[in-house]
Amino acid sequence: MMMTGSCDQASVPILSLRNICKRFSGTQVLNDVSFDIFAGETIGLLGDNGAGKSTLIKILAGVHRPDSGEMDVDGQPVDFATYAIGRARNYGIETVFQENSLGEQQPLWRNIFVGRELPNRFGLLKIGEQKKVTMQILRKYVGLQGKAINADSRVSTLSGGERQGVTIGRAMYFNARLVILDEPTTALSLGEVGRVLNFIRQLNCQGSACIFISHNVGQIYQIADRFIILDRGQVMGEYRKNEIAADQLSNHLLQLHNQV
Ligand SMILES: Nc1ncnc2c1ncn2[C@@H]1O[C@H](COP(=O)(O)OP(=O)(O)O)[C@@H](O)[C@H]1O
Ligand SMILES: [Mg+2]
């Protein structure tokens with residue numbers, strides 16, 4: 001049984017990676033990356049710019065295909081030949097990408113349901129219902145009471161924090177089992193950061209797992225149960241919170257940075 005924060009956790013990994021390798025035009029970006037993710041835990045993924053963090057999570061999310069390596073979901077092997085974003089979502093893997101992944105000129109309700117037009121375990125919802133659910137998500141996760149924002153609003157009218165709220169709210173609503181957040185707090189105000197960290201705690205308590213990428217070691221240390229350090233495509237360290245102090249974690253990263 002893995003030990004984590006305050007929430008319960010199963011002993012079979014939700015997701016298991018083994019020896020994931022990826023090259024971009026001859027450059028080895030990921031080299032033999034292996035780790036497990038368990039229900040109810042948050043993994044802090046750390047590493048310098050260019051370490052391969054975003055590439056790794058894009059493989060989990062079905063955006064990129066690895067050159068070699070294996071991935072299991074609930075102990076079942078995933079066939080990378082047919083793995084894609086839609087399939088990842090059907091497995092309950094939701095990703096908030098580093099680059100804004102919302103359609104700027106599209107209304108919010110379309111953004112909430114994008115990629116779910118195909119029947120899945122939620123079935124097909126009519127447009128009216130999609131808008132209703134969008135309003136629920138806005139009220140519950142984005143806190144837009146009193147603002148002139150509704151299901152038909154364009155994404156371009158939302159602040160950075162509100163956009164993150166929409167993507168995270170989408171993940172919460174669809175009951176994601178693994179939520180991946182790639183530097184979600186970089187452009188946020190202090191209050192908005194608090195909101196994101198609270199979402200993650202809620203996710204963990206409902207048994208979902210989270211991978212949280214940030215350059216802010218303080219934030220990562222607050223929220224994560226385990227830390228995985230990626231350096232030039234390789235896992236250079238894996239710690240549980242009780243094995244490393246926040247300043248040791250910072251120093252470790254600084255040393256890797258200075259090695260270059
Ligand atoms: N689509 C791509 N095509 C070519 N090279 C890429 C692509 N995506 C990322 N890279 C390269 O892979 C390396 C790792 O990038 P990335 O995964 O974004 O790192 P991180 O998120 O840790 O900053 C970088 O050298 C980057 O330039
Ligand atoms: Mg990145």
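Among the residues of the range 39-49, write down those that are within 13 Å of ligand 2 (Cβ to nearest atom) and either charged (D, E, K, R) or free of Cβ contacts under 8 Å to residues at least 40 places away in the same chain (or both). If you could, list the steps in order and put the result at the bottom.
So the first thing to find is which residues in the range 39-49 are within 13 Å of ligand 2 (Cβ to nearest atom), and the list is 45-49.
Listed by number, the residues that qualify are 48, 49.
Residues of the range 192-218 being touching a residue at least 12 places away in the same chain (Cβ under 8 Å), part of a helix (DSSP H, G or I) and either among the charged types (D, E, K, R) or closer than 19 Å to residue 162 by Cα (or both), which ones?
Once the filter is applied, which keeps residues that are touching a residue at least 12 places away in the same chain (Cβ under 8 Å), part of a helix (DSSP H, G or I) and either among the charged types (D, E, K, R) or closer than 19 Å to residue 162 by Cα (or both), the range 192-218 yields 192, 193, 195, 196, 197, 199, 200, 201, 202, 203.
Could you tell me how many of the residues in the range 21-38 are within 16 Å of ligand 2 (Cβ to nearest atom) and out of contact with any Lys or Arg (no Cβ under 9 Å at 6 or more places or on another chain)?
Taking the range 21-38 first, the residues within 16 Å of ligand 2 (Cβ to nearest atom) are 22, 24, 27, 29-30, 33.
Of the ones still in play, those that are also out of contact with any Lys or Arg (no Cβ under 9 Å at 6 or more places or on another chain) are 24, 27.
Number of matching residues: 2.
Suppose we filter the range 58-111 for residues that are touching a helix residue (DSSP H, G or I) at 6+ places or on another chain (Cβ under 7 Å) and part of a strand (DSSP E or B); how many remain?
Of the residues in the range 58-111, 4 are touching a helix residue (DSSP H, G or I) at 6+ places or on another chain (Cβ under 7 Å) and part of a strand (DSSP E or B).
Looking at 122, 113 in this structure, which one is closer than 30 Å to residue 55 by Cβ, modelled with pLDDT under 75, more than 16 Å from ligand 2 (Cβ to nearest atom) and not polar (S, T, N, Q)?
122
Among 26, 69, 44, 62, which is surrounded by fewer than 22 Cβ atoms within 10 Å (Cβ to Cβ) and within 18 Å of the chain's Cα centre (by Cα)?
62
The values are calculated or read from the model by the stated rules, or taken from the named source; none is laboratory data. Source: prediction; values computed, not measured. Quick reminder, even Gly has a Cβ in these numbers, built from the backbone with ideal geometry, and neighbours come from all protein chains shown.
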